[in-house]
Amino acid sequence: MAFRLKLVPDGTRIDFFRWQWLTFGISAVAMVASVVLVLVMGLNFGIDFKGGTTIRTESPTAFEVSDYRQALSELDLGDVSITEVFDPSFGETKHVAMIRIGTTQETGSVTPEQLNQVEAALHTVDPQVVFAAVESVGPKVSGELIKSAFYAVGAATLGIMAYIWLRFEWQFALGAVIALIHDVLLTVGLFSLFQLRFDLTTIAALLTTLGFSVNDTVVVFDRLRESLIKFKTMPLIDVMNLTVNETLSRTIMTAVTTGIALTAMLIFGGDVIRDFVIAMLWGVVVGCYSTIYVAKNIVLWLGVKRDWSKPDPKEKAPGEDIPAAFRDAP
């Protein structure tokens, strides 16, 4: 006897658009708040976008960040940021710190001699400390990376808009793009609020989130188009509610399975990919939300044509072709 797991019962009749103005208003406020956060608090740019040198240190003994900072203060390295990295997978014998050094040199990185001085200074505090990784990026390269990242996200958004426009209608394309902008802004706002590291891996997470979100949106839009052809006299808002309920099981199953994999990566993947996983997890949540409460709201307000096929002279009277589950709903 086969066992089939169901996260969503059959025949759901949830009215997703009952509070359409409230849900869209919340999204609009969240988008504005994200922009304000970025303007006020800024982003914690990683070495990819900021330029300079990042040193990852590891030690079997515990340390104090203040001791590391005191040891490096005498080297005149310029802007130095030291943070301790916490991870449940480290155990009691692994203590990690991230040291970021911003320089004013043309190369944008510390010299080998300065690295030796940093290592020697830290050894006075902790003789067992080692440099696990050293990354350097110049200011010119970091500026080019920022432009490339911006172009990548913009090109992906425009490409998605063109694809949906060709496959559906311009109302669908506009709704999908606004939903994608919503997802990107809320993710960037989250990184600004908690000052998570924003680097190239974050851009990769944003692009992946765009792909996840537009995939969910296209699936729902495709079912919506089929329902619009099938139920020509049903009010548009009822067709949309029917469509979302019909695809709800698929949406939740996809989000849950993706979330399980990402949660495992968050717990066991270590601090190196933590920010990437956080961006992906957040992107899954806002992506599912924006498909219904942003993209479809836009299509609902703009309206769509429903003359893809010639009228059937035998077509039922308005309301008679509405599924019983919705016709009998309170």
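The values are calculated or read from the model by the stated rules, or taken from the named source; none is laboratory data. Predicted model, so just to flag it, every value in this text is computed and none were measured. FYI the Cβ positions are ideal-geometry reconstructions off the backbone, even for glycines, and counts take in every protein chain you see. For the accessible areas, the whole protein counts, side chains as well, though only heavy atoms, and no ligand, DNA or RNA atoms are used. Shrake-Rupley method; radii C 1.70, N 1.55, O 1.52, S 1.80 Å.
Scanning region 28-71 for residues that are under 29 Å from the mean Cα position of the chain (by Cα) and aromatic (F, W, Y), which turns out modelled with the highest pLDDT?
F45
Got at least one residue in region 162-173 being open to solvent by 20 Å² or more (accessible area, probe 1.4 Å), in the same structural domain as L281 (by TED's automatic domain parsing) and either outside any helix (DSSP H, G or I) or among the acidic types (D, E) (or both)?
yes
Considering (1) more than 14 Å from the chain's Cα centre (by Cα); (2) part of a helix (DSSP H, G or I), say which one K232 fails and leave the rest.
(2)
Looking only at residues in region 191-222 that are touching a residue at least 60 places away in the same chain (Cβ under 8 Å) and open to solvent by 50 Å² or more (accessible area, probe 1.4 Å), which one is nearest to the chain's Cα centre (by Cα)?
T208
Does any residue of region 235-249 turn out to be more than 28 Å from L166 (Cβ to Cβ) and modelled with pLDDT of 85 or more?
Yes, that holds for at least one residue.
Out of all the residues in region 81-103, which are touching a residue at least 40 places away in the same chain (Cβ under 8 Å), among the small types (G, A, S) and under 24 Å from M265 (Cα atoms)?
Result: S89, A97.
Looking at region 203-220, is at least one residue over 24 Å from V40 (Cβ atoms), outside any helix (DSSP H, G or I) and assigned by TED's automatic domain parsing to the domain that holds L266?
Within region 203-220, none of the residues are over 24 Å from V40 (Cβ atoms), outside any helix (DSSP H, G or I) and assigned by TED's automatic domain parsing to the domain that holds L266.
Which numbered condition in (1) over 27 Å from F45 (Cβ atoms); (2) surrounded by fewer than 19 Cβ atoms within 10 Å (Cβ to Cβ) is the only one that A133 fails?
The single condition A133 does not satisfy is (1).
Could you check region 232-286 and list, in sequence order, the residues that are of a type in the set (D, E, K, R), in contact (Cβ under 8 Å) with a residue 40 or more places away in the chain and over 25 Å from I181 (Cα atoms)?
K232, D238, D271
Quick one: D76 ticks every box in (1) at negative phi; (2) more than 25 Å from the chain's Cα centre (by Cα) bar one, so which box is it?
Answer for D76: the failing condition is (1).
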